[in-house]
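The values are calculated or read from the model by the stated rules, or taken from the named source; none is laboratory data. The shown structure was predicted, so the numbers you read here are calculated from the model rather than taken from an experiment. So basically every Cβ, Gly included, is an ideal-geometry build from the backbone, and we count neighbours across all protein chains shown. Note: areas computed on protein heavy atoms with side chains; ligands, DNA, RNA excluded. Shrake-Rupley method; radii C 1.70, N 1.55, O 1.52, S 1.80 Å.
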Amino acid sequence: MKIAVCVKQVPSGDRPLDPRTGALIRAAGENVINPWDVYAVSAALQTARILKGTLTAISMGPPQAEETLRTAAAMGADSAVLVCGKEFGGADVYATAFTLARAIEKLGEFAIVFCGQQSTDGDTAQLPFSLAVQLGIPAVGWVKRIEKVSPGEMTVLQELGSGTQRLTFPFPAVIAAGMETCQPIPPSLKGRLKARGLAIQTLGPADLPCKGPYGLNASPTRVVKIERVHEQAKSQPLFLDPSAAARKIAEEMGVSANVLTSSS
Ligand code: FAD
């Protein structure tokens, strides 16, 4: 059974933005695997082991995103694919999902595609759902635990904010893993050595089953302006003992305060 995991390379800190396109200048510093994707890879590996399947890590990004794929391989992914080309640059979440979906179709049928719940840079938390739409399969988000895996279906607990839901669903599906889904699997020494020599398959626009458009040209989103917003505090906190607090509240409300004190 073939399982895929989407991994994104993200900046490890603040990064400048291209003033022309509003896109992040990713080459301007250190990059790391998106923290959510560590959990996605770990959950995908555990699932692949139970189902005796193979795990392929897929990333869309510039050539340096290979490092992120090697991290996934060091954790245990069997193969890695980099979707790379200048035509993919400036992609918003729709265009990213479109491109990853075409790459996944090119690579063959996957029973499950794992993603992280969100990224630390774009942070739309929409890619898994957009990807599922593009692939024409269901998406299961906010997964907080995988309870049961069998060859045709999976049972998970989903954290829905208002409560926890148990859901059993058949494959194929896209799963968005949260940070509680499983314990992260650390890269082993053997894994690191294997990852260093792993041949990473690269797919460019000409390799995909659709001519495009891709990247900025396929993206409805335009980042027009990004600014840091400092929210003005509407009130100042007061630190008062209980009786002074009661008097202050009474004063604000225009009523008299009857504060009882106890000497015991
Ligand atoms: P999320 O949905 O947050 O990520 C969920 C999961 O999807 C990840 O954990 C990972 O498993 C997978 N994933 C995401 N990207 C990739 C990838 N390239 N390769 C492999 N797996 C991946 N885009 C918009 O559509 N609208 C915006 O408003 C917007 N604003 C942005 C603002 C800034 C400052 C920046 C830097 C980017 C912005 N983007 C925006 C672009 C956004 O980064 C891309 O759309 C991105 O590739 C996918 O969206 P995401 O990072 O939000 O993914």
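Points worth noting:
- Taking first residues from region 122-144 that are part of a strand (DSSP E or B) and partners that are open to solvent by 40 Å² or more (accessible area, probe 1.4 Å) and of a type in the set (A, V, I, L, M, F, W, C), the Cβ contacts under 8 Å between residues at least 6 apart in sequence or on separate chains come to A139/F129; A139/V133; V140/L167; G141/F129; W142/L160.
- In region 125-178, residue farthest from the ligand (Cβ to nearest atom) [restricted to those that are open to solvent by less than 70 Å² (accessible area, probe 1.4 Å) and polar (S, T, N, Q)]: S150
- One residue from A95, A91 being touching a residue at least 12 places away in the same chain (Cβ under 8 Å), within 11 Å of the ligand (Cβ to nearest atom), open to solvent by less than 20 Å² (accessible area, probe 1.4 Å) and over 14 Å from the mean Cα position of the chain (by Cα): A95
- Subset tally (residues that are of a type in the set (A, V, I, L, M, F, W, C) and in a helix (DSSP H, G or I)) for region 176-217: 5
- Subset of region 218-247 [open to solvent by less than 70 Å² (accessible area, probe 1.4 Å) and either over 30 Å from A97 (Cα atoms) or modelled with pLDDT of 90 or more (or both)]: A218, S219, S243, A244, A245, A246
For (1) aromatic (F, W, Y); (2) in the same structural domain as R20 (by TED's automatic domain parsing), each residue gets a yes or a no:
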site	(1), (2)
A199	no, yes
D207	no, yes
F239	yes, no
S243	no, no
A246	no, no
E251	no, no
V255	no, no
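- Candidates R49, R70 - the one that is away from the ligand (no atom under 13 Å from the Cβ) and free of Cβ contacts under 8 Å to residues at least 24 places away in the same chain: R49
- Scanning region 106-120 for any residue that is in contact with a helix residue (DSSP H, G or I) (Cβ under 7 Å, 6 or more places away or on another chain) and over 27 Å from I146 (Cβ atoms) turns up at least one such residue.
- Any pair with Cβ under 7 angstrom, 6 or more apart, that starts in region 100-114 at a residue that is closer than 17 Å to P213 by Cβ and in the same structural domain as V174 (by TED's automatic domain parsing) and ends at one that is open to solvent by less than 10 Å² (accessible area, probe 1.4 Å) and assigned to a helix (DSSP H, G or I): L100/L131; A101/L131
- Count of region 5-20 residues which are among the hydrophobic types (A, V, I, L, M, F, W, C) and either more than 8 Å from the ligand (Cβ to nearest atom) or open to solvent by 40 Å² or more (accessible area, probe 1.4 Å) (or both): 1
- In summary, E30 fulfils each of the numbered conditions (1) more than 8 Å from the ligand (Cβ to nearest atom); (2) touching a residue at least 60 places away in the same chain (Cβ under 8 Å); (3) among the charged types (D, E, K, R) with the single exception of condition (2).
- Residue list for region 106-119, restricted to those being more than 10 Å from the ligand (Cβ to nearest atom), touching a Ser or Thr at 6+ places or on another chain (Cβ under 8 Å) and not in a strand (DSSP E or B): L107, F110
- A77 falls short of the stated requirement of being of a type in the set (G, A, S) and either more than 14 Å from the ligand (Cβ to nearest atom) or surrounded by fewer than 23 Cβ atoms within 10 Å (Cβ to Cβ) (or both).
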